[in-house]
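The values are calculated or read from the model by the stated rules, or taken from the named source; none is laboratory data. Note that the structure is a prediction, hence the values are computed from the model and not measured. Here the Cβ positions follow ideal geometry from the backbone for every residue, glycine too, while neighbour counts run over all protein chains shown.
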Amino acid sequence: MTEFESGLTNDESGFEALPAAVEAWLTAHVDGYRGPGVLQKFGFGQSNPTYRLRAASGDYVLRRKPFGKLLPKAHAIEREFRVLSALRGSDVPVPLVHAFCDDASLLGAAFYVMDFVEGRIFYDQRLPGLDPVERSAIFNAMNAAAAALHNADPIALGLETFGRSDGFLARQIALWTAQYRASEGARNEAMEGLIAWLPDNIPAEQSPRIFHGDLRLDNMIFHPTEPRVIAVLDWELSTIGDPLADFAYHAMVWRIDADLFRGFADLDRAAMGIPDEADYVRRYCERTGRDDIPNWEFYLAFGIFRVTAILQGVWRRAQDGQASSTDALEVGAKAFPMARIGWDIIRNR
């Protein structure tokens, strides 16, 4: 389905006028909404198309599922909406969500609406343009946000049915293996090694916590002038699970080179003000009441296995003409070198 077929029409400024049915839904379900509204697609977002919704009542964000056939359990924006609603008022910084629409006839796909949060998003982990002191403060704030999430009690937040905690890692390995198989192209030997090794080396289960699933720098909005996270975004992969797996995925950038996928393994981190991996992990442990993280290499390899499967899905959507971003094919091609990093972690542990 094209944008036109969904009922959206473009004007010369790049904004898309909303169909009357969507205007009516927003007026009925978003408290204080006053139209007419127009949409402008953000340039980021490999998975779920995301728009700035401008209306007489202010700016919002509209996030929808992609059009067309979707992979099983992918693009679960209804889960995003649920966890964001539950986290309102907690120590975890999230935008205010307003309403979810599961009637695909209105816009061509299910969508939800949340507040537009004004702040800074850093797409490059190297934080160009900041000095070493500023970089250090941003990394400390990011660490604090990750710890706040993993300190939150899912039962107290009403999320006890948000996911099964028992057997989490085994089920995640099976899930992402299936997702990878559904989108694979040429054989990736390093990924095959991870698929074989991970199920036989699962560590003991941790106390269940909210598992974001894509906890990285560019999924956080920082205060316009202060080194403080004011919103964590992109919760479609969230569930209840092992917080150490979530944190290790977040910390993969210490093992990834700058020219591959926004990492800094090959850079002079001390000169840049970026903490060493060990120091960053230690600060997280202090904030979450841990002595250390046993089986750290397993968790890192598991995180890279997951991101490889995600990148392969991006590649497949580009092949099928369903990509949400113009650089999807280039991004998806990084599945091969990414898997090699994960397999090297296992072989060299």
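Give the residues of segment 230-267 that are among the β-branched types (Val, Ile, Thr) and either assigned by TED's automatic domain parsing to the domain that holds Asp91 or touching a Phe, Trp or Tyr at 6+ places or on another chain (Cβ under 7 Å) (or both), sorted by residue number. Before you say what the answer is, go through the steps one by one.
Filtering segment 230-267 for residues among the β-branched types (Val, Ile, Thr) gives 230, 232, 239-240, 253, 256.
Those that are among the β-branched types (Val, Ile, Thr) and either assigned by TED's automatic domain parsing to the domain that holds Asp91 or touching a Phe, Trp or Tyr at 6+ places or on another chain (Cβ under 7 Å) (or both): Ile230, Thr239, Ile240, Val253.
Out of (1) more than 23 Å from Leu84 (Cα to Cα); (2) in the same structural domain as Val232 (by TED's automatic domain parsing), what's the single condition that is false for Leu127?
Unmet for Leu127, out of (1) more than 23 Å from Leu84 (Cα to Cα); (2) in the same structural domain as Val232 (by TED's automatic domain parsing): (2).
Give me the pairs, please: first residue somewhere in segment 274-293 and at pLDDT 95 or above, second residue anywhere and in a helix (DSSP H, G or I) and of a type in the set (Gly, Ala, Ser), beta-carbon distance under 6 Å, and either six or more positions apart or on two chains.
Tyr284/Ala147; Arg287/Ala147; Thr288/Ala147
Among residues belonging to segment 18-34 that are outside any helix (DSSP H, G or I) and crowded, with 17+ Cβ neighbours inside 10 Å, point out the one that is nearest to the chain's Cα centre (by Cα).
Val30
If you scan segment 176-200, which residues turn out to be over 18 Å from Trp315 (Cα atoms) and among the aliphatic types (A, V, I, L, M)?
Of everything in segment 176-200, those that are over 18 Å from Trp315 (Cα atoms) and among the aliphatic types (A, V, I, L, M) turn out to be Leu194, Ile195, Ala196, Leu198.
Mind listing whichever residues of segment 177-233 are within 30 Å of Gly89 (Cα to Cα) and polar (S, T, N, Q)?
The answer is Gln206, Ser207, Asn219, Thr225.
Of the residues that sit in segment 129-163 and are outside any helix (DSSP H, G or I) and among the charged types (D, E, K, R), which one is farthest from Leu217 (Cα to Cα)? Please lay out each step first, then the result.
Here is the first cut: in segment 129-163, the ones outside any helix (DSSP H, G or I) are 129-131, 152-163.
Subsequent filtering for residues that are among the charged types (D, E, K, R) retains 131, 153, 160.
Working: Asp131: 17, Asp153: 23, Glu160: 27 Å.
Per the criteria, the residue is Glu160.
Return yes when Ala231 is within 24 Å of Ile155 (Cα to Cα), of a type in the set (Gly, Ala, Ser), buried (at least 22 other Cβ atoms within 10 Å of the Cβ) and free of Cβ contacts under 8 Å to residues at least 60 places away in the same chain and no when it is not.
Working: within 24 Å of Ile155 (Cα to Cα): yes; of a type in the set (Gly, Ala, Ser): yes; buried (at least 22 other Cβ atoms within 10 Å of the Cβ): yes; free of Cβ contacts under 8 Å to residues at least 60 places away in the same chain: no.
The answer is no for Ala231.
Applying the selection to segment 117-132, what residues are surrounded by 15 or more Cβ atoms within 10 Å (Cβ to Cβ) and more than 27 Å from Glu277 (Cβ to Cβ)?
Once the filter is applied, which keeps residues that are surrounded by 15 or more Cβ atoms within 10 Å (Cβ to Cβ) and more than 27 Å from Glu277 (Cβ to Cβ), segment 117-132 yields only Val117.
Report whether or not Leu26 is at pLDDT below 95 and among the aliphatic types (A, V, I, L, M).
Spelling it out, it is not the case that Leu26 is at pLDDT below 95 and among the aliphatic types (A, V, I, L, M).
Only one of (1) touching a Leu at 6+ places or on another chain (Cβ under 8 Å); (2) more than 26 Å from Ile138 (Cβ to Cβ); (3) aliphatic (A, V, I, L, M) is not met by Met220, so which one is it?
Only one criterion in (1) touching a Leu at 6+ places or on another chain (Cβ under 8 Å); (2) more than 26 Å from Ile138 (Cβ to Cβ); (3) aliphatic (A, V, I, L, M) is unmet by Met220, namely (2).
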